[in-house]
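Asker: Sharing a structure with you now.
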Amino acid sequence: MMASVDRRLERLLDLLDATGEDTVGTSVRLPTNLRDAAAVASKMGLAASTTELTVRGLRDALEAFAQRAVLDAHYRAHPQARPDLAEVAMATAEIDGSPLAGRPDLVRRAAAEVGAVKDDPTPDDVLMYAAGLAAAAA
């Protein structure tokens, strides 16, 4: 199974990297509101056409799927490289410019405590709890 996934991922990446100009006509059914929004965006000069928007959206989604698949494969090969919940929460705090970014001890404590009472907590759950801990200590 793993070899099959690896071959399919390699094929997906090769197709995304290809520079061919060949196109194919398809019959894509779009929700009416998205079709109309694409037409308005085109008239506003935000995109050349509905086709361009559709292609751009499809490419963006496929690239995101491919990035996730590559990262998952990396973590399968190197499980020790996967960040824990506290590390992800700290990175989130740094990206968001949160004052909690300067409180790794508090974020680690929050990750441990939230993880003990909630199944599959998110980094935002940890930061919310850490903010509560910080407020209670103030």
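The values are calculated or read from the model by the stated rules, or taken from the named source; none is laboratory data. In this text, all values refer to a predicted model and were calculated from it rather than measured experimentally. With ideal geometry, Cβ positions are generated from the backbone for all residues, glycine too; neighbour counts draw on all protein chains shown. Surface areas here come from the heavy atoms of the whole protein model, side chains and all, with no ligands, DNA or RNA. Shrake-Rupley method; radii C 1.70, N 1.55, O 1.52, S 1.80 Å.
Asker: Quick check: from the Cα gyration tensor, does the chain come out rounded (a/c under 1.5), prolate or oblate? Provide the component values of the computation, followed by the final result.
Answerer: On the way: a/c = 3.19, a/b = 1.67, b/c = 1.91.
The shape class here is oblate.
Asker: Could you work out how much longer the chain between VAL55 and ALA91 gets when fully extended? Use 0.36 nm per residue separation minus the Cα distance between them, nm to one decimal.
Answerer: Details: separation 36, 0.36 × 36 = 12.96 nm, distance 3.19 nm.
Gain in length upon complete extension: 9.8 nm.
Asker: Give me the distance in nm between label points sitting 7 Å out from Cα along the Cα-to-Cβ direction at ALA136 and LEU62, one decimal.
Answerer: According to this spin-label approximation, the distance is 5.0 nm.
Asker: Return the carbon/sulfur percentage of the accessible area of the chain, one whole number, probe 1.4 Å, all protein chains in place. Before the final figure, lay out the partial values.
Answerer: Details: 5930 of 10240 Å².
Of the solvent-accessible surface of the chain, carbon and sulfur hold 58 percent.
Asker: To continue, here is another question. Leaving out ligands and nucleic acids, note down the accessible area per residue over the chain with a 1.4 angstrom probe, in whole Å².
Answerer: Values: 10240 Å² over 138 residues.
For the chain, the solvent-accessible area averages 74 Å² per residue.
Asker: At a Förster distance of 35 Å, what's the computed FRET efficiency of ARG35 paired with ALA69, Cβ-Cβ distance as r, to 0.05?
Answerer: Details: r = 30 Å, r/R0 = 0.86.
Once rounded, the FRET efficiency stands at 0.70.
Asker: OK, next. Lys/Arg Cβ at +1, Asp/Glu Cβ at -1, dipole of segment 1-109 taken about the Cα centre: which of LEU12, THR51, PRO104 is farthest positive-ward?
Answerer: Among LEU12, THR51, PRO104, the one farthest towards the positive end of the dipole of segment 1-109 is PRO104.
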